[in-house]
Structures are given as C-alpha cells and as structure tokens.
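Quick notes on the structure that follows.
The values are calculated or read from the model by the stated rules, or taken from the named source; none is laboratory data. The model shown is predicted, which means the values in this text are computed figures rather than measured ones. Cβ placement follows ideal geometry from the backbone for every residue including glycine, while neighbour counts extend to all protein chains displayed.
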Amino acid sequence: MSENGTERDDATAADAAGGDVVTMDKIVALCKRRGFVFPSSEIYGGVGSTYDYGHYGVLLKNNVKNAWWRAMLQEREDIVAIDSAILQHPKVWEASGHLAGFTDPLVDCRTCEQRFRADHLGELACGRKPSKHPGEAEECSLTEAREFNLMFETTIGPVKESGATAYLRPETAQGIFINFKNVLQFSRKKPPFGIAQVGKSFRNEITPGNFIFRTREFEQMEMEFFVPPQEARQWFEHWLAERERWYVELGLRPDHLRMRPHEQDELSHYSTATSDVEYLFPIGWSELEGIANRGNFDLTQHAEHAGEKLEYFDQASGERYVPHVIEPAAGADRAALAFLVDAYDEEVVPGAAAEGEEAQAEETRTVLRLHPRLAPVKVAVLPLVRKDGQPELAREAYEALRGRVQAEYDEGGSIGKRYRRQDEIGTPWCVTIDHQSVQDRTATVRERDSLAQERLPIEGLAEEIERRVQAPWTTPKLDRQETTEPWIST
Ligand code: ATP
C-alpha cells in the first residue's frame, strides 16, 4: 500500500493500537469504498503518495478545519486569520533557514534501488524483505547518508532559464511571520495575540506513506501566538492544554492520545521547548501536531533579511520588544486520519427488517463513530418504501433538514443496506419515513451508535438534529474498552 513499504505488519500494528479492530488497510479500503479518499491520478496508474478527496472526504476534512477555525477564531478574541500565498519571495526561505537546513538524511539501497530516511530505518521495511528493516537483510547495501532538501523548486516567469527560482511553501507558518507588521497595523491587536492560517504545504518527503499520514502535498493548520518574552513559558503551557482539549472534545479517546516533550537533542536550535501531540495509530504512536516555543527566532530573522523592524512598541510602558512565538502546528489530513481511525468500529447486530417483516439474521456492521460535528453527513432521510406518499413526505423532511445541517436523501435499495451505508460514512442519525409517518407526520429517528429508535414529530426535527450535533459527545468505545495506556500529560 505505501511507497517503500513503510507498513510492516498489520497484526502487530493492531496490537499496538490497544487491541482495536482497526488497521490501516481497513481504513484505506473503507475510504475507497465509500468515496472518502482515492489514490490520485488513478486512471494513469497513480502517482506516489498523493491522494484525492472524494465527497465524504471533503466534508470530513472541512469539518476538521472548521472545528479548528472555530477553536481559534470564534471561541476566542485574541486570534485573527490570514491566507498567505503559496509562492513567496525566495528570500523568505533563506531567512527562515529552510534553504540551508530543511533537509532529511537520505540513504539509497544499491540492491533494491529504494530510498529511505536514514533516521527512520527502524520503522521502515526493507525493499526486498519487508519483514526486515533496511540494512538488516544480507543483500542490503546502503549508501552513506546525505542531506536532501525537502522543498519543491519551481520557476516564476514563462522562461525556465531566465525565470526566478521559487519554492512551494513547505509550511504555512512563514506566511504568517512575513505578515506580522501588516496584521499588527490593521487588526488592532497587541501581544499576546495570534495569527492563524490553514492551507496547503508541500514537502518532497523521502519516504511518504501510510496513506494520508505522510504525503508530499498536505494541508496544515498553524497558528503563531506572539507574546511578551517573559510570558512565553506560560503561553506554551496554555497551548499544550488547549490543543489537547480540542482533540478530546472532538472525540479522540484520551488513552490513544499523549503529549511527548522533545528531548534536548531533538529540539530545533531556536526552540526552547517543543511537545508533540501523538496519537496511537495502527502504525504505533505518531505525531499529530507539534507545539513549539520558538522564541524570537522567526521575527528576528525576517527583520534582518528584509531590513524591516518587526517588533512591538508598547505605548503604555514605553517598552519596545520582539515578541516571542508559541506555535501549535497541526496537519488537517493527519487529524482527519486520526479521527477516522478512532471512529472505526465493527460489531455484530441484528439484521434490519422492513415494517411487518421478520428480523433478519445477525450481521456484522462497520460503523464510523465520528463526533457528530465531524460526521460528513449529519442526518439521512429514508422512506421505507417507494410508494404510498412516503417519498414525498421524506423529501419534505429532507428539505427542511438540509436548510440546517448536511443531510442526505436516499430511497434506493433495502432499508438494511441503506442503514449500513450510512453507518459506514458515520451518519449519526437516520430518519425513516414509514406508513405511520404519512398518517401522523412523525418519523423514526435511529441513532447510529446505540441503534436506539425513537418516534419524533417531523415538525421541529431540523432544530432538534441541529441541537444534537452541537451537544457534547464522547465515543461509546470508551464505555467498553479496558484502558490501554495512561493518558500522559505534561
Ligand atoms: P514529521 O516529523 O511527521 O515529519 P514534522 O515535525 O516535520 O512532522 P511539522 O513541521 O511540525 O511536522 O508540521 C506540523 C504538522 O503538519 C505535523 O504535525 C503533521 O500533522 C503535518 N505534516 C507535516 N508533514 C506532513 C506530511 N508530509 N504529510 C501530512 N501531514 C504532514
């Protein structure tokens, strides 16, 4: 599945994930089957580690990004938004240090002709013998490691030879730093305040893989929080707690999340502290987000290279200083993958039956137990039969619902099949219109996780579903699981 075979052993991986039934292969298959994510350029044989998002994938990732924006902008008043260009002045990357130092160590294997990240050999699979790591099999012949710059180069201007070399941005953060002065001038904010951005970034990763976990084109959700230097430590702690809370509130199981402070030798030279939010993926504990105390490195660098003062003058105290920066940097695709993995479940349930029919034999259903706020579709409206006025009433209910929430109307196939389809895309509620509905304008509302059904009036249903989407939610997986590892908090 992954380029360079980064996936090693799904059984071990499932064990690593605390006994969950989920594996990366199951997620990939579900995403393809239900149109969340496809390999890109598939009709041409695909292009390594790039993916296209289908309808439900777009809705899910938009919900993740919207939840992030909401936490940054709507629920606070000290952060403003920006959307900077992907192509920036090449000097940006000189100043930021990316041109000289945004490299990973690369080794080639002369035998299998694959390339590996030298610092990830222990997690990768040998090109010939996937049960071994590169360098472990007898026939492996690895070169010395050499530094490889991850930025994609391109040319600005119509003629390649005379055009200026530019880079696709490898992170969204620099677009924030270079706009510090603009924002300070026009937003009427003063430190502590933040600038947030969501957008595409590009890295020519040596070993992409594990589906959308590591790709060469991905979306980041980054926020730079500018603070008086003496408050940096306190704001770092604040953002650790805030970001942890965000994932938990959106339903990730706390015992599948941990904060991992970086060791001294892992820290960038300018960072005084960094912690990664890690999630227990089927491939083991892996980074979801990095939260860093970046000091005044970025503003100082850009001030020097651009010859512009990037500082704050506090009129009240008469003090002039370069703010320090706390940066929570998350990935939208990685977060979407974590939510999918955490939501994935299989269970044996009684077969669904149409009204008046005998219950069917038990069957195994696959269900995405997504937080309703993240679920691509919040409610599906299903007429039991395609006659007797049921489709007409169902469409009326659907039209009222879609004015409030993302809704879907489906009248094709048996009711059991339609429920299974909605379970697999994580729809929290199915509204079934039956013959009683036509008589008394009530409908059965089936709840995805418990399968409980209740009869509610069609009038007011849209408001009720909207209210339920916004209500606090925890995954039912928590009620039944034995805890695996403790929730480690810093
Ligand atoms: P990694 O160690 O996994 O390469 P990083 O520490 O280089 O990640 P950052 O530069 O801190 O990552 O980027 C912030 C976030 O952007 C990461 O936590 C991750 O969620 C996301 N991200 C980074 N690189 C990729 C990628 N190649 N594909 C998908 N998401 C990515």
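Just one residue in the set Arg260, Arg320 is part of a strand (DSSP E or B), more than 22 Å from the chain's Cα centre (by Cα) and over 23 Å from Ala375 (Cβ atoms); that residue is Arg320.
Going by what's in this entry, would Leu240 be described as part of a helix (DSSP H, G or I), more than 9 Å from the ligand (Cβ to nearest atom) and closer than 19 Å to Ser286 by Cα? Criteria met by Leu240. Residue check: Glu308 meets all listed conditions (1) closer than 23 Å to Phe281 by Cβ; (2) charged (D, E, K, R); (3) not in a strand (DSSP E or B) but one, namely (1). Just so you know, in the range 55-86 the residues that are β-branched (Val, Ile, Thr) and within 19 Å of the chain's Cα centre (by Cα) include one that is farthest from Lys181 (Cα to Cα), and it is Val58.
Among the residues of the range 196-205, how many are more than 8 Å from the ligand (Cβ to nearest atom) and more than 14 Å from the chain's Cα centre (by Cα)?
So the count comes out to 4.
Within the range 173-223, which residues are assigned to a loop (DSSP other than H, G, I, E, B) and not charged (D, E, K, R)? Within the range 173-223, Ile178, Asn179, Ser187, Pro191, Pro192, Asn204, Ile206, Thr207, Pro208, Asn210, Thr215 meet the criteria. Within the range 295-331, being among the charged types (D, E, K, R) and within 25 Å of Lys200 (Cβ to Cβ) holds for Asp298, Glu327. Take the residues in the range 336-371 that are among the acidic types (Asp, Glu) and at pLDDT below 95, then tell me which one is farthest from the ligand (Cβ to nearest atom). Among those that are among the acidic types (Asp, Glu) and at pLDDT below 95, it is Glu358. If you check Asp333 against the conditions, is it within 13 Å of the ligand (Cβ to nearest atom), in a helix (DSSP H, G or I), in contact with a Phe, Trp or Tyr (Cβ under 8 Å, 6 or more places away or on another chain) and in contact (Cβ under 8 Å) with a residue 24 or more places away in the chain? Here the answer is yes, as Asp333 does meet what is asked. The conditions of being farther than 30 Å from Ile195 by Cα, touching a helix residue (DSSP H, G or I) at 6+ places or on another chain (Cβ under 6 Å) and buried (at least 19 other Cβ atoms within 10 Å of the Cβ) are met by Pro134. Annotation: of all residues in the range 264-299 being within 14 Å of the ligand (Cβ to nearest atom) and outside any strand (DSSP E or B), the one that is farthest from Pro191 (Cα to Cα) is Ile283. Among residues of the range 206-232 being among the acidic types (Asp, Glu) and surrounded by 19 or more Cβ atoms within 10 Å (Cβ to Cβ), the one that is farthest from the ligand (Cβ to nearest atom) is Glu224.
The rows are residues; the columns are (1) surrounded by 21 or more Cβ atoms within 10 Å (Cβ to Cβ); (2) modelled with pLDDT of 95 or more; (3) of a type in the set (Asp, Glu).
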{"site": "Leu299", "(1), (2), (3)": "yes, yes, no"}
{"site": "His302", "(1), (2), (3)": "yes, yes, no"}
{"site": "Asp314", "(1), (2), (3)": "no, no, yes"}
{"site": "Tyr321", "(1), (2), (3)": "no, yes, no"}
{"site": "His324", "(1), (2), (3)": "yes, yes, no"}
{"site": "Arg334", "(1), (2), (3)": "yes, yes, no"}
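Being in contact (Cβ under 8 Å) with a residue 12 or more places away in the chain and assigned by TED's automatic domain parsing to the domain that holds Leu456 holds for only one residue in Arg395, Arg402, and it is Arg395. When Arg70, Arg76 are screened for being surrounded by fewer than 14 Cβ atoms within 10 Å (Cβ to Cβ) and within 19 Å of Val469 (Cβ to Cβ), only Arg70 passes. In the range 49-153, counting only strands (runs of 3 or more DSSP E) that sit wholly within it, the ones holding 1 or more residues that are farther than 23 Å from Arg334 by Cβ span 79-81, 103-108, 146-149. Residues of the range 356-409 that are closer than 13 Å to Gln422 by Cα and aliphatic (A, V, I, L, M): Val367, Leu368, Leu370, Ala375, Val377, Val379, Ala380, Val381, Leu382, Ala407. In summary, Phe180 fulfils each of the numbered conditions (1) surrounded by 20 or more Cβ atoms within 10 Å (Cβ to Cβ); (2) under 26 Å from Thr215 (Cα atoms) with the single exception of condition (2). Confirm whether Trp246 is aromatic (Phe, Trp, Tyr), surrounded by fewer than 22 Cβ atoms within 10 Å (Cβ to Cβ) and within 13 Å of the ligand (Cβ to nearest atom). When the stated conditions are applied, Trp246 does not pass them. From the list Ala166, Ala85, the lone residue that is exposed (fewer than 12 other Cβ atoms within 10 Å of the Cβ), in contact (Cβ under 8 Å) with a residue 60 or more places away in the chain and assigned by TED's automatic domain parsing to the domain that holds Ile206 is Ala85. Restricting attention to the range 146-163, the residues that are more than 23 Å from the chain's Cα centre (by Cα) and in contact (Cβ under 8 Å) with a residue 40 or more places away in the chain add up to 6.
State yes or no: is Trp235 within 15 Å of the ligand (Cβ to nearest atom) and not in a loop (DSSP other than H, G, I, E, B)? Considered against the rule, which asks whether it is within 15 Å of the ligand (Cβ to nearest atom) and not in a loop (DSSP other than H, G, I, E, B), Trp235 comes out as no.
Restricting to helices (runs of 4 or more DSSP H) lying wholly in the range 349-459: which have 2 or more residues that are within 32 Å of the chain's Cα centre (by Cα) and surrounded by fewer than 23 Cβ atoms within 10 Å (Cβ to Cβ)?
Values: elements: 390-402, 415-425, 435-440.
By residue number, 390-402, 415-425.
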